[in-house]
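This report refers to the structure that appears directly beneath it.
The values are calculated or read from the model by the stated rules, or taken from the named source; none is laboratory data. Please read all numbers here as calculations on a predicted model, not as lab measurements. Here Cβ is always computed from backbone atoms with ideal geometry, including for glycine, and neighbour counts include all displayed protein chains. These area figures cover heavy atoms from the full protein model, side chains too; ligands, DNA and RNA do not enter into them. Shrake-Rupley method; radii C 1.70, N 1.55, O 1.52, S 1.80 Å.
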Amino acid sequence: MLFLKSKVARYADSRWVEFFGGTSYVYLFSVLYALIIGLLFYPGLVYTDSIFRWQTAISIAQHGLGALSGASDHHPVFPILWMAFFYKMTGEIGLFTIVQAIFFSLSFFFLVRHFSPNLAGNVMASLVLLAPVNQIYSVFVSYDTLFTILLVCLFLLLLNRWKSRVVLIPIVVAAAIGTRLNAALIIPAVFLVLFLQRRDFKRGQLFLTTSLCLVLTAFVFSLPLMFKMQRGNSFLIGTAWEYVNMATKTNDKRDIDFLNSFGVSVSDMNGGICYHGIWCGKEWDAFISKVPSWRGRELLRHYVTIALDHPAVFFPEKLKYIKSLMGIGRDGITNEEIGRWREPKWAALMKTIGFETSPKKENFIDRYFRFSEFAGRILFRPWLVFILLVIMAFHLGKRDKDLLPVTTLPFMYYGSFFITSQNHEFRYFFPVAFLFLAYFSACVSVWISRLFQVSEPEPDSLLGRPAAGRRAP
């Protein structure tokens, strides 16, 4: 070990260590990473919702924003506009995926480098990015991947003292919420962090930042109305899923009459309740698919009534959904939407947007499934990931005291699915898993640096931060 340490010390100042431990390597790796994975699995990996999102984006690219008039706002508008921009440039969907993969890699690197801006940090980030789960999600056309990138950017803005963050924080917050509408619950966590950092802002800057967060978020929520879109029913699905289960257990005439108004009876649902997704039980066919958007408020009112009048039914049942979301008492959350093109129906629809399978893609997915079942199994147990995330946050918090309040963001985000959730899939949890992997990479690289007594370089111009353990004046 002493010999190895001496070797490390001898070569610590060499040019190759300087390159592989610097930001030039980060940019080179990220571009090559995106090009290799993006081109090998071109035009990216899609799932069922990707089809309808790309169809809308293509329509916007070809006919302008007027194409949104009358369209359903079931999916958030902001990412679709971003997708339409790339399609307008190239006339195909692959460039969007490659650009996404570049930012996916860069965001991971710079979060790890916030704690370990050296060779160890770059090596660990590179290795973890090559894990099948990251390869898959780097080119997965899912709002969850876009939200992941934005969440990491928000982390970096809250952890660093960039002057431009006064305006950038609200922009990233609004973009993140515009990508995942339920992520609005991260705003209180953002305000908490900003309040704790209030001494770092000049007079009026804190007020400006928090005000812009609210204004830009309100603007994002108003986009469907501005584009004259029809109100979708995405907010109803989770509520309807939980309601139809609880309504069969209350023995309340109001619930029985309400179910009957949709042509559903308690006997229709007997033995068909599932807590792990809307597709695994009778809920979708028997009830959810029959609830129109215009009856949404009525459904929500009945749902709240059960909570108020029948807490002995509501809370035990609600806890079962939350336990499923946290991967408690079963094998963990699922990979429901990965590889859906293996079903002929979806393969035909995906072909319309330019996606076709190949032996490489099949092997790619099979490798990911093997990873999910063995090496990556821990990622599919949110309760365990959150425990480890907190432990690592306390460890890394010794180097950056702001990390502990910032770590509340993933808790608030995933906690928003506790309100109502339609599917307990890993893709919803991936943003948290990505942060977990970044924390893990940072902890290991910090440990390696201490073990071999590798000194940390001066901060990069991009990071604009003091070396770990010191604060900007």
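For the range 323-355, give me each residue that is of a type in the set (A, V, I, L, M, F, W, C), over 27 Å from residue 375 (Cβ atoms) and assigned to a helix (DSSP H, G or I).
Correct list: 346, 347, 348, 349, 350.
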Worksheet item: Out of all the residues in the range 120-135, is one or more open to solvent by 10 Å² or more (accessible area, probe 1.4 Å), within 30 Å of residue 229 (Cα to Cα) and touching a residue at least 12 places away in the same chain (Cβ under 8 Å)?
Response: no
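The rows are residues; the columns are (1) open to solvent by 10 Å² or more (accessible area, probe 1.4 Å); (2) among the acidic types (Asp, Glu); (3) within 23 Å of residue 387 (Cα to Cα); (4) at pLDDT below 90.
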{"residue": "439", "(1), (2), (3), (4)": "no, no, yes, no"}
{"residue": "447", "(1), (2), (3), (4)": "yes, no, yes, no"}
{"residue": "465", "(1), (2), (3), (4)": "yes, no, no, yes"}
{"residue": "473", "(1), (2), (3), (4)": "yes, no, no, yes"}
Response to the item:
Going through the range 388-422 in order, the residues found to be of a type in the set (S, T, N, Q), surrounded by 21 or more Cβ atoms within 10 Å (Cβ to Cβ) and more than 21 Å from residue 110 (Cα to Cα) are 421, 422
Discussion item. Anything in the range 281-310 that is over 18 Å from residue 250 (Cβ atoms) and assigned to a helix (DSSP H, G or I)? List them, or say none.
Written reply: 284, 285, 288, 289, 290, 293, 294, 295, 296, 297
Discussion item. Out of everything in the range 81-98 that is without any contact (Cβ under 8 Å) to a residue 24 or more places away in the chain and in contact with a helix residue (DSSP H, G or I) (Cβ under 6 Å, 6 or more places away or on another chain), what residue ends up being farthest from residue 64 (Cα to Cα)?
Written reply: 95
Discussion item. Every residue in the range 79-106 that is crowded, with 19+ Cβ neighbours inside 10 Å and more than 22 Å from residue 30 (Cβ to Cβ), please.
Written reply: 80, 84, 87
Worksheet, complete the sentence: Being surrounded by fewer than 19 Cβ atoms within 10 Å (Cβ to Cβ) and among the hydroxyl-bearing types (Ser, Thr, Tyr) narrows 289, 324 down to just 289
Item to complete: Take residue 50 and decide whether it is in contact with a Phe, Trp or Tyr (Cβ under 9 Å, 6 or more places away or on another chain), within 21 Å of residue 428 (Cα to Cα), open to solvent by less than 10 Å² (accessible area, probe 1.4 Å) and not charged (D, E, K, R).
Response: yes
Item to complete: Evaluate the following for residue 317: is it in contact (Cβ under 8 Å) with a residue 60 or more places away in the chain and either outside any loop (DSSP other than H, G, I, E, B) or crowded, with 19+ Cβ neighbours inside 10 Å (or both)?
Response: yes
Worksheet item: under 24 Å from residue 300 (Cα atoms), within 21 Å of the chain's Cα centre (by Cα) and of a type in the set (S, T, N, Q): does that describe residue 245?
Response: no
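Among the listed residues 340, 301, 330, 370, identify the single one that is of a type in the set (Lys, Arg) and open to solvent by less than 60 Å² (accessible area, probe 1.4 Å).
Sole residue among the options that is of a type in the set (Lys, Arg) and open to solvent by less than 60 Å² (accessible area, probe 1.4 Å): 340.
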Worksheet item: Which of the residues spanning the range 14-63 are farther than 22 Å from residue 351 by Cα and among the acidic types (Asp, Glu)?
Response: 18
Practice prompt. Could you figure out which of (1) buried (at least 21 other Cβ atoms within 10 Å of the Cβ); (2) free of Cβ contacts under 8 Å to residues at least 24 places away in the same chain isn't true of residue 145?
Written response: (2)
